[in-house]
Amino acid sequence: MDVKSTPSYLYWLFCQFELITCSYLMEPWEKVLFYSFNLAMLGLLLYTTYVCCFPINISPQQFPSDPDLGPWSSISQSTNRFLKQ
Amino acid sequence: MLVAVLTYVGYGVLTLFGYLRDFMRQWKIEKCQNATEREEQKDFVPLYQDFENFYNRNLYMRIRDSWNRPICSVPGAKVDMMERVSHDYNWTFTYTGRVIKDIINMGSYNYLGFAQKTGACQEAAAKVLSQYGAGVCSTRQEMGNLDKHEELEKLVARFLGVESAMAYGMGFATNSMNIPALVGKGCLILSDELNHASLVLGARLSGATIRIFKHNNMQSLEKLLKDAIVHGQPRTRRPWKKILILVEGIYSMEGSIVRLPEVIALKKKYKSYLYLDEAHSIGALGPSGRGVVEYFGLNPEDVDVMMGTFTKSFGAAGGYIGGKKELIDYLRTYSHSAAYATSMSPPVVEQIITSVKCIMGEDGTTVGRARVQQLAENTRYFRRRLKEMGFIIYGNEDSLLLSLLSRIKYGTFYNSSCSCSATTGIIVMISLSLGSAFGREMLKRNIGVVVVGFPATPIIESRARFCLSAAHTKEMLDTALKEINEVGDLLQLKYSRRRLVPLLDRPFDETTYEETED
């Protein structure tokens, strides 16, 4: 299989995805439904990752002093602030 | 492991879509094209709600175009197929009128290449057709016993090395109609896990108790035999009237050869009877094509009932049973097939007679011997090349059926000197879409293969089977191998990692010294 050219490699990967999920066998409207569901799920996943794991919109002094708490700490901080209002 | 998970993912997705489609059909959003109950019967017990019907409607319909493909020429090494298209996703088919010519035929059981329209067999059959006609119009016990049948039976008995033989018109019916004549209530049948449907049907029809032992596993068989002898019949504890062991010479879906010496040793030790179904192995195993008994170098008189079919290696149709004279005389009187089924058609009988004589060498040429050797060479070559390409092969080294993605069989014990080997190859696809994709891609490249799925195989293992033939030349095999290579790369079927994987039939449960865990 010619893996040198990227478009054909990507097409081949897409074909493998089709085969594994058996969407190769589906009628066109079923494929549309399935892909839109998959893309929606993927989109939601990416959105969740973006919001939770990259706290770029929170000001520095609200970072916790304990560096072990990790990315979820800002969520709990912001939740606490919201609840105390 | 990952592959199995992915297969389940695929099946899960299709099942969900199946439920969606069923919902739409029920609420009349979509036109219902499959069989349903009538309006008046909607309140009765539902007929089409079980898994098999669900599978049929939703999964099988999507891939149906790889099955029941009509051919329009003799199924030799190359075959012509009628082209058909479907405009509504395989619910109906229409023929375009075009014929796809010269498809390399890797799907017919034409092991020795006797399915020809020219040659000695065809001429003899044509002569007999002009003498006797095509129909017999009677059963064996009434007016249907021709002298041709007597000649055939004597010849088959001589070929197999048994005292006497009887031939029937249909291979499936040979098994399913004669096992009930041999065993009945109060007898025990020990049948292998992977026996063919005809053996299973015959066993069930007979009314005997059936116990199943693990595939080719002699420990399991011995345990069952011991239990049977010690405990007898379940409630009354009387001894069993007869114990019959049903095995096949070669199992068509696995490619494994039965461990005949061990089975015969067990049979003699526990005084039971052996029924050997040589449908795939007769004509193809053994140096002179006499089947699995010759392959192991055993005495044909040790096997009590030797059954086989004429469909696979002899290019005809029908089956035979061979054994002692008293047994065959009993079957002539008491078999359902002899009493009620029409006897074999004379041209077919002549085809078998000519082909058996050819294999034995009695027609004065060495064509038969050459064919058997050609088959062995073809299979060894094919097997070796597939392994080199990275596919994993199922089945015995010498076995008739070799399957890809498989567990290399431990049974190299018997692999030594015999010149015969396998005639078919099987690729295990693992999933449905891969199976149908393989079938379609191979047809696009002008090679016809048989893809087998549920319910003939377990649901996560569908297979593609290659049946080799003595009629295939090396060029045809090379072309086929090249295409298989391409399609294997395209569909990612090459799972070989150069490691032995534990086998399906494990002769010893405790020691597995030749296998490494996956």
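When region B:267-287 is filtered for residues that are under 21 Å from the mean Cα position of the chain (by Cα) and either modelled with pLDDT under 90 or surrounded by fewer than 24 Cβ atoms within 10 Å (Cβ to Cβ) (or both), the ones remaining, listed by number, are B:Leu274, B:Ala279, B:His280, B:Ser281, B:Ile282, B:Gly283, B:Ala284, B:Leu285, B:Gly286. Taking each residue of region B:80-109 that is touching a residue at least 40 places away in the same chain (Cβ under 8 Å) and within 30 Å of B:Leu477 (Cβ to Cβ) and looking for partners that are assigned to a strand (DSSP E or B) and among the acidic types (Asp, Glu) with beta-carbon atoms closer than 8 Å, six or more apart or interchain, yields B:Ile100/B:Asp80; B:Ile100/B:Glu83; B:Asp102/B:Asp80; B:Ile103/B:Asp80. The condition of being surrounded by 10 or more Cβ atoms within 10 Å (Cβ to Cβ), within 12 Å of chain B (Cβ to nearest Cβ) and either at pLDDT 65 or above or on the phi > 0 side of the Ramachandran plot (or both) holds for only one of A:Leu44, A:Leu19, A:Leu39, that being A:Leu19. Filtered by the rule that a residue be crowded, with 22+ Cβ neighbours inside 10 Å, more than 14 Å from the chain's Cα centre (by Cα) and either part of a helix (DSSP H, G or I) or among the β-branched types (Val, Ile, Thr) (or both), region B:221-257 gives B:Leu221, B:Leu225, B:Ile243, B:Ile245.
Give me a count of the residues in region B:271-316 that are charged (D, E, K, R) and without any contact (Cβ under 8 Å) to a residue 60 or more places away in the chain.
Going through region B:271-316 one residue at a time, the tally reaches 5.
Table: residues versus (1) modelled with pLDDT of 90 or more; (2) within 14 Å of chain A (Cβ to nearest Cβ); (3) within 28 Å of the chain's Cα centre (by Cα).
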position: B:Ala77; (1), (2), (3): no, no, yes
position: B:Arg84; (1), (2), (3): no, no, yes
position: B:Leu112; (1), (2), (3): no, no, yes
position: B:Glu142; (1), (2), (3): no, no, no
position: B:Gly161; (1), (2), (3): yes, no, yes
position: B:Met166; (1), (2), (3): yes, no, yes
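Please go through region B:462-476 and pick out each residue that is in contact with a strand residue (DSSP E or B) (Cβ under 7 Å, 6 or more places away or on another chain) and of a type in the set (A, V, I, L, M, F, W, C). Scanning region B:462-476 gives B:Ala464, B:Phe466, B:Cys467, B:Leu468, B:Met476.
For B:Met24, the test of being surrounded by 13 or more Cβ atoms within 10 Å (Cβ to Cβ) and part of a strand (DSSP E or B) is failed.
The values are calculated or read from the model by the stated rules, or taken from the named source; none is laboratory data. What you see is a predicted model, and the numbers here were worked out from it, not measured in a lab. Counting neighbours? That spans all protein chains shown, and the Cβs are built from the backbone with ideal geometry, glycine included.
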